[in-house]
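What follows is one structure encoded as structure tokens, with my remarks underneath.
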């Protein structure tokens, strides 16, 4: 807001009242990623209890992509022959935009278990643009339990509680 005011109000142009403020550095908890064993037990829970959401959760675990990047993933971004995925956009609230940062744009390898999941997804056969629709996450919530609650259930089945800082990204 102040930045915009500096452009519009002549008296403020070129001035920054915050320049001399020393912002305190906040301490943050280090992420506590799941181990490969915990990941496997959690994914087994999803496969047994909610196979509809399983591809979404497995994708998040194996790729470490942000949910918004996963929601934006299109079949044009997937190279099944090379086993790679190009991450070049994000999708939030139905709007597709650039990735969170310029460094977020990348090409990642996809291993055989994920390629097998991709090949089974109906979106490919139906000719849909998006690989894993954000509607999957919405549908998971409509089924009665939020994704966060389901993640806690799955984690507890794996002998681990989810807390702030727990990440779905690979730990290996």
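The values are calculated or read from the model by the stated rules, or taken from the named source; none is laboratory data. Given the structure is predicted, the values throughout are model-derived calculations rather than measurements. Cβ sites come from the backbone with ideal geometry, for glycine too, and all protein chains shown count toward neighbours.
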- Message: Looking only at residues that are in a loop (DSSP other than H, G, I, E, B) and surrounded by 15 or more Cβ atoms within 10 Å (Cβ to Cβ) in the range 96-111, which one is nearest to the chain's Cα centre (by Cα)?
- Response: 99
- Got a sec? Which of 88, 79 is touching a strand residue (DSSP E or B) at 6+ places or on another chain (Cβ under 8 Å), surrounded by fewer than 20 Cβ atoms within 10 Å (Cβ to Cβ) and at pLDDT 85 or above? 79
- Note on the structure: Of (1) surrounded by 11 or more Cβ atoms within 10 Å (Cβ to Cβ); (2) at positive phi; (3) free of Cβ contacts under 8 Å to residues at least 12 places away in the same chain, residue 93 satisfies every one except (1)
- Message: Condition check: touching a helix residue (DSSP H, G or I) at 6+ places or on another chain (Cβ under 7 Å) and either outside any strand (DSSP E or B) or within 22 Å of residue 131 (Cα to Cα) (or both). Does residue 47 satisfy that?
- Response: yes
- Task: Assess whether residue 61 counts as being surrounded by 14 or more Cβ atoms within 10 Å (Cβ to Cβ) and closer than 25 Å to residue 125 by Cβ.
- Result: yes
- Of all residues in the range 11-44 being part of a helix (DSSP H, G or I) and farther than 30 Å from residue 131 by Cα, which is nearest to the chain's Cα centre (by Cα)? 12
- Query: Any idea how many residues of the range 112-145 are at pLDDT 80 or above, out of contact with any strand residue (DSSP E or B) (no Cβ under 7 Å at 6 or more places or on another chain), surrounded by 11 or more Cβ atoms within 10 Å (Cβ to Cβ) and not in a helix (DSSP H, G or I)?
  - Reply: 3
- Please enumerate the residues belonging to the range 52-92 that are within 19 Å of residue 128 (Cβ to Cβ) and in a loop (DSSP other than H, G, I, E, B). 52, 53, 65, 73, 80, 88, 89
- Criterion (surrounded by 16 or more Cβ atoms within 10 Å (Cβ to Cβ), touching a strand residue (DSSP E or B) at 6+ places or on another chain (Cβ under 7 Å) and closer than 18 Å to residue 123 by Cα) met by exactly one of 74, 70: 74
